[in-house]
Amino acid sequence: FKIFIQDFSKAMSQAGSSQFQEVIRQELEYSMKVELDKILATAHSNEIEHTKKDLEGFKKLFHRFLQEKGPSVDWGKIQRPPEDSIQPYEKIKARGLPDNIASVLNKLVVVKLNGGLGTSMGCKGPKSLIGVRNENTFLDLTVQQIEHLNKSYNTDVPLVLMNSFNTDDDTKKILQKYSHSRVKIYTFNQSRYPRINKETLLPIAKDVSYSGENTECWYPPGHGDIYASFYNSGLLDNLIAEGKEYIFVSNIDNLGATVDLYILNHLMNPPNGKRCEFVMEVTNKTRADVKGGTLTQYENKLRLVEIAQVPKAHVDEFKSVSKFKIFNTNNLWIALSAIKRLQEKNAIDMEIIVNPKTLDGGLNVIQLETAVGAAIKSFENSLGINVPRSRFLPVKTTSDLLLVMSNLYSLNAGSLTMSEKREFPTVPLVKLGSSFTKVQDYLRRFESIPDMLELDHLTVSGDVTFGKNVSLKGTVIIIANHGDRIDIPAGALLENKIVSGNLRILDH
């Protein structure tokens, strides 16, 4: 049987008989079922119900994974979206706001995707608890924004956090500090799926536990899991019963994703009288965003196409800024009643993302995931809105962190806005080298965050530190050779300079 499995991928790629492939598929599904039953048998009585739901969801995903091979889009069918299917934000803003905006706001729920850890930035625990501005974390800023909204309009917009098993405990502990804020906060958990061995296509977990050496056996299956988890948690029904109608979903590390009253009004009071069930905020691509998913027209529906779905021969075309001008910010507005309807019909269709990983011990595994925006094609009357770049301000690296901590932005009621003193609205390109990857190393290397109001481009490589009150303007490149260290002195002004290993400062 093991030989069977090892030959599986070869057999699938060769044009073998479809009957033979079907037999192998059935063998694999049966073996997977046996392994999952063994895992379920190790669950305590209080874990059985939700573990069963998780494994059922995983089984469906695995079944689809075995059925689908190759890129999931037929390139020939991809068309540009019709003109009216992606509206410019200016047009939506021009409609203004009604007098009763508070009653519209009361129908909104803000959902933040909070399943990620801060490991890529060298931090333990949830990413949302990393300090980003004046000691405030991503979560602090989110709560401040919604609290400001509720106080300004005397409304009751709740915050919902979708946690993962990685972030749930730490997040819940911290939520106590907001108990007196004017924001109701709810949480629900993403599913927990087993990682599978790339060779055998069987789970590497032997039991349900996910602590100790078993932490690597499980994973949260991407934010596309929101629909099933939200529904299964019972929270979706509770919010509908309270009269809520739309959720605004975004990544918790996107500091530009604040509640926009003009978009909300457009949803609740559509100009043509027909409500959208799904709105995706898109923004214009720059060279930095060529890999971002894009909205296309496909089989008469709006469809999100990600780079992983594109046939190899067309990847360069997909990355072209002239052909595909926009990308998905993952700021989404979705009707609660539509999620409920589609979830009950099992009609939410999202492409599978196969995410290969190598574990610490060197074992190659795969994770089957889905993305929340991919469901756009399952909803009725979907719409794209081309929003300003300021609504997409993700903090994925310490280079991004430097931008949001700097004087390029001012902070007001939890929201960051570009400083009026900056002459042009684009953000500088910042590339910090590997010595800055971890947040604690990054913080140690800056005595204070430099003045960056007139900066266009910053590249720093090697062992470099910055003294207090440094100003950076134009293009600045600082490269310390291996074994050398460069200390930029306090009060230094670097404008269009290249600083190299032996501290020679040259004009750029």
Given 99, 140, which one is charged (D, E, K, R) and within 30 Å of residue 270 (Cβ to Cβ)?
99
Elements of type helices (runs of 4 or more DSSP H) in region 164-264, at least 1 residues being of a type in the set (A, V, I, L, M) and closer than 17 Å to residue 109 by Cα
226-232, 235-241
Run residue 302 past the list (1) assigned to a strand (DSSP E or B); (2) open to solvent by less than 20 Å² (accessible area, probe 1.4 Å); (3) within 30 Å of residue 117 (Cβ to Cβ) and report the number of the one that doesn't hold.
(3)
Taking region 270-299 only, how many residues are surrounded by 16 or more Cβ atoms within 10 Å (Cβ to Cβ) and either among the β-branched types (Val, Ile, Thr) or assigned to a loop (DSSP other than H, G, I, E, B) (or both)?
12
Is it the case, given these coordinates, that residue 480 is over 33 Å from the mean Cα position of the chain (by Cα), at pLDDT below 95 and not assigned by the TED database to the domain that holds residue 141?
yes
Consider only pairs whose beta carbons are under 6 Å apart and that are at least six residues apart or on different chains; among these, list those whose first residue lies in region 78-91 and is touching a residue at least 24 places away in the same chain (Cβ under 8 Å) and open to solvent by less than 100 Å² (accessible area, probe 1.4 Å) and whose second residue is among the β-branched types (Val, Ile, Thr) and outside any strand (DSSP E or B).
89/387
For region 152-166, how many residues are closer than 14 Å to residue 186 by Cα and open to solvent by 10 Å² or more (accessible area, probe 1.4 Å)?
1
Would you be able to tell me the number of residues in region 112-150 that are free of Cβ contacts under 8 Å to residues at least 60 places away in the same chain and more than 25 Å from residue 418 (Cα to Cα)?
5
Name the residue, out of 384, 414, that is on the phi > 0 side of the Ramachandran plot, of a type outside the set (Ser, Thr, Tyr) and either crowded, with 19+ Cβ neighbours inside 10 Å or in the same structural domain as residue 114 (by the TED database) (or both).
414
For region 464-489, name all the residues that are on the phi > 0 side of the Ramachandran plot and either part of a loop (DSSP other than H, G, I, E, B) or touching a residue at least 60 places away in the same chain (Cβ under 8 Å) (or both).
469, 483
Only unsatisfied item for residue 308, checking (1) modelled with pLDDT under 85; (2) over 30 Å from residue 93 (Cβ atoms); (3) small (Gly, Ala, Ser); (4) in a loop (DSSP other than H, G, I, E, B), is (4)
Among the residues of region 217-226, are any more than 30 Å from residue 418 (Cβ to Cβ), open to solvent by 20 Å² or more (accessible area, probe 1.4 Å) and not assigned by the TED database to the domain that holds residue 426?
yes
Has region 341-364 got at least one residue that is in contact with a Phe, Trp or Tyr (Cβ under 9 Å, 6 or more places away or on another chain), open to solvent by less than 60 Å² (accessible area, probe 1.4 Å), of a type in the set (Asp, Glu) and within 28 Å of residue 162 (Cβ to Cβ)?
no
Take the conditions closer than 20 Å to residue 469 by Cα and surrounded by 15 or more Cβ atoms within 10 Å (Cβ to Cβ) and apply them to residue 449. Does it pass?
yes
Consider region 434-463. How many of its residues are part of a loop (DSSP other than H, G, I, E, B) and not polar (S, T, N, Q)?
5
Failed criterion for residue 155 (all others in (1) assigned to a strand (DSSP E or B); (2) touching a helix residue (DSSP H, G or I) at 6+ places or on another chain (Cβ under 6 Å); (3) not small (Gly, Ala, Ser) hold):
(1)
Out of all the residues in region 49-59, is one or more at pLDDT 90 or above, in contact with a strand residue (DSSP E or B) (Cβ under 6 Å, 6 or more places away or on another chain), closer than 30 Å to residue 381 by Cα and surrounded by 11 or more Cβ atoms within 10 Å (Cβ to Cβ)?
yes
Given the conditions (1) part of a loop (DSSP other than H, G, I, E, B); (2) out of contact with any helix residue (DSSP H, G or I) (no Cβ under 8 Å at 6 or more places or on another chain); (3) of a type in the set (A, V, I, L, M), and given that residue 267 satisfies all but one, which numbered condition is not satisfied?
(1)
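The values are calculated or read from the model by the stated rules, or taken from the named source; none is laboratory data. What you are looking at is a predicted structure, and each value in this text was computed from that prediction instead of being measured. Please note: Cβ atoms are built from the backbone with ideal geometry, for glycine as well, and neighbour counts cover all protein chains shown. Protein only, heavy atoms only, side chains kept; ligands, DNA and RNA dropped before computing areas. Shrake-Rupley method; radii C 1.70, N 1.55, O 1.52, S 1.80 Å.
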